[in-house]
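Visitor: One structure, pasted below without further comment.
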């Protein structure tokens with residue numbers, strides 16, 4: 001049934017996209033035609049989301065996340081330790097509801113046991129004296145929620161690399177750029193030439209972030225129908241996800257993580273946009289044309305192009321969907337194969353709304369906008385300290401009949417593209 005439903009939805013989406021392309025092929029659109037184009041694309045996007053739900057759900061159900069991730073046992077409910085992990089999670093849920101002072105002896109013993117084994121801690125964050133580290137399953141739920149607010153923590157092929165560590169101590173990462181050296185031909189008995197490799201270090205720290213306080217009324221906590229864990233997952237995921245995605249995208253790198261945009265700009269691999277003038281005869285530098293994508297791709301060394309992808313704001317993607325090459329072929333192509341993603345110039349893309357947008361009108365004075373990244377995004381590494389800690393504040397808002405919760409996570413990011421050949425960025429004058 002799911003296969004038939006997916007095929008039907010893909011056919012409907014294909015019809016919508018054909019109609020949208022037919023409109024776009026007419027050249028300059030009137031306001032009415034533009035609204036119709038946007039409607040068709042929006043409906044196609046909604047169908048695409050439904051297709052992703054069907055095809056993703058058939059391969060990876062929500063329940064399976066507690067069993068295996070990427071072929072490796074997760075920290076959740078594995079078959080070997082399912083009951084033990086479940087008891088630990090139940091004890092943690094009890095702590096969220098009633099606090100440490102009211103915990104039963106059994107639940108307190110379970111939390112203390114996990115602390116002593118190194119999987120939890122009496123302090124919810126350095127210097128705290130109450131609270132417990134969350135069970136691993138809860139952490140994975142929050143990590144999943146982070147993905148919905150930006151692509152930087154998605155992981156997977158072609159995306160930024162996630163490096164998990166148990167502690168947050170400074171972590172040097174060795175790297176070398178030996179591309180200028182080549183081998184040599186030597187004769188019999190001839191001494192070889194010395195050409196040492198210069199090893200550099202990329203340093204990863206662990207910047208600390210909080211979810212801010214989340215207050216819950218005592219009435220809700222006492223209501224067994226209220227899923228406090230799910231509520232905190234949603235709130236903590238939304239708050240941490242937004243700040244982590246923003247800073248791993250545009251962070252300055254001195255007092256924050258080094259964002260991928262900042263890293264590429266610092267490396268100098270910047271492509272100046274020429275706009276769509278060669279495509280439509282009228283596009284200025286605040287537009288995007290097929291030549292911009294060609295120039296961007298060739299700013300990346302050929303060894304990094306297999307598996308490379310684009311990254312841009314959703315509004316930039318909307319503009320790209322209307323761009324055609326000089327032969328009238330659209331750059332953006334929706335796949336007709338089950339499970340295959342849409343592409344731009346044959347490459348996959350990721351939407352990151354923390355990147356700069358194109359402007360419809362030039363500003364005065366003009367500003368430079370970094371709108372599109374292309375390359376091997378896995379060369380940007382995000383360091384995530386494994387344990388998320390949660391603190392329950394029972395007394396602070398007691399006179400309001402409320403209990404507050406706060407979560408802490410530690411992250412950093414840096415670039416391993418020390419040769420500045422793996423990634424490039426498009427700069428528009430707007």
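The values are calculated or read from the model by the stated rules, or taken from the named source; none is laboratory data. Small disclaimer: the values here were computed from a predicted structure and weren't measured. Neighbour counts are summed over all protein chains in view; Cβ atoms, including those assigned to glycine, are modelled from backbone coordinates with ideal geometry.
Visitor: Residues of segment 314-346 being surrounded by fewer than 16 Cβ atoms within 10 Å (Cβ to Cβ), under 22 Å from the mean Cα position of the chain (by Cα), at pLDDT 85 or above and over 18 Å from residue 286 (Cα atoms), which ones?
Guide: 341, 342, 346
Visitor: Let me ask you something else. Looking at segment 1-26 only, could you name the residues that are part of a helix (DSSP H, G or I), surrounded by fewer than 16 Cβ atoms within 10 Å (Cβ to Cβ) and at pLDDT below 75?
Guide: 2, 3, 4
Conditions tested, residue by residue: (1) loosely packed, with under 10 Cβ neighbours inside 10 Å; (2) within 30 Å of the chain's Cα centre (by Cα); (3) under 30 Å from residue 421 (Cα atoms).
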residue	(1), (2), (3)
166	yes, yes, no
182	yes, no, yes
208	no, yes, no
215	no, yes, no
232	no, yes, no
235	no, yes, no
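Visitor: While we're looking at this one, here's another question. Would you confirm, using the coordinates I've provided, whether residue 369 is touching a strand residue (DSSP E or B) at 6+ places or on another chain (Cβ under 6 Å) and modelled with pLDDT under 85? Walk me through how you get there before you give the answer.
Guide: Values: touching a strand residue (DSSP E or B) at 6+ places or on another chain (Cβ under 6 Å): yes; modelled with pLDDT under 85: no.
No.
Visitor: Kindly provide the set of residues from segment 380-392 that are out of contact with any helix residue (DSSP H, G or I) (no Cβ under 6 Å at 6 or more places or on another chain) and buried (at least 18 other Cβ atoms within 10 Å of the Cβ), ordered by number.
Guide: If we filter segment 380-392 for residues that are out of contact with any helix residue (DSSP H, G or I) (no Cβ under 6 Å at 6 or more places or on another chain), which is where we start, we get 381, 383-387, 389-392.
Scanning segment 380-392 gives 381, 383, 384, 385, 387, 389, 390, 391, 392.
Visitor: Kindly provide the set of residues from segment 257-270 that are free of Cβ contacts under 8 Å to residues at least 60 places away in the same chain and surrounded by fewer than 19 Cβ atoms within 10 Å (Cβ to Cβ), ordered by number.
Guide: Let us first name the residues in segment 257-270 that are free of Cβ contacts under 8 Å to residues at least 60 places away in the same chain, namely 262, 266.
Within segment 257-270, 266 is the sole residue that qualifies.
Visitor: What single numbered condition from (1) over 23 Å from residue 160 (Cα atoms); (2) in contact (Cβ under 8 Å) with a residue 12 or more places away in the chain fails to hold for residue 226?
Guide: (2)
Visitor: Pick out, from segment 186-287, the helices (runs of 4 or more DSSP H) lying fully within it that include 3 or more residues that are assigned by TED's automatic domain parsing to the domain that holds residue 410 and over 30 Å from residue 361 (Cα atoms). Quick ask: steps written out before the conclusion?
Guide: On the way: elements: 218-222, 228-250, 260-267, 277-280.
Qualifying helices (runs of 4 or more DSSP H): 218-222, 228-250.
Visitor: Do we have residue 364 as closer than 30 Å to residue 4 by Cα and free of Cβ contacts under 8 Å to residues at least 40 places away in the same chain here?
Guide: no
Visitor: Residues being in contact with a helix residue (DSSP H, G or I) (Cβ under 8 Å, 6 or more places away or on another chain) and assigned to a loop (DSSP other than H, G, I, E, B): count how many of those fall in segment 153-177.
Guide: So the first thing to find is which residues in segment 153-177 are in contact with a helix residue (DSSP H, G or I) (Cβ under 8 Å, 6 or more places away or on another chain), and the list is 153-154, 157-161.
Now restrict to residues that are assigned to a loop (DSSP other than H, G, I, E, B): 153-154, 157-160.
The qualifying residues number 6.
Visitor: While we're here: Of the residues 355, 311, which is buried (at least 20 other Cβ atoms within 10 Å of the Cβ), modelled with pLDDT of 90 or more and part of a strand (DSSP E or B)?
Guide: Details: 355 fails: part of a strand (DSSP E or B).
Sole residue among the options that is buried (at least 20 other Cβ atoms within 10 Å of the Cβ), modelled with pLDDT of 90 or more and part of a strand (DSSP E or B): 311.
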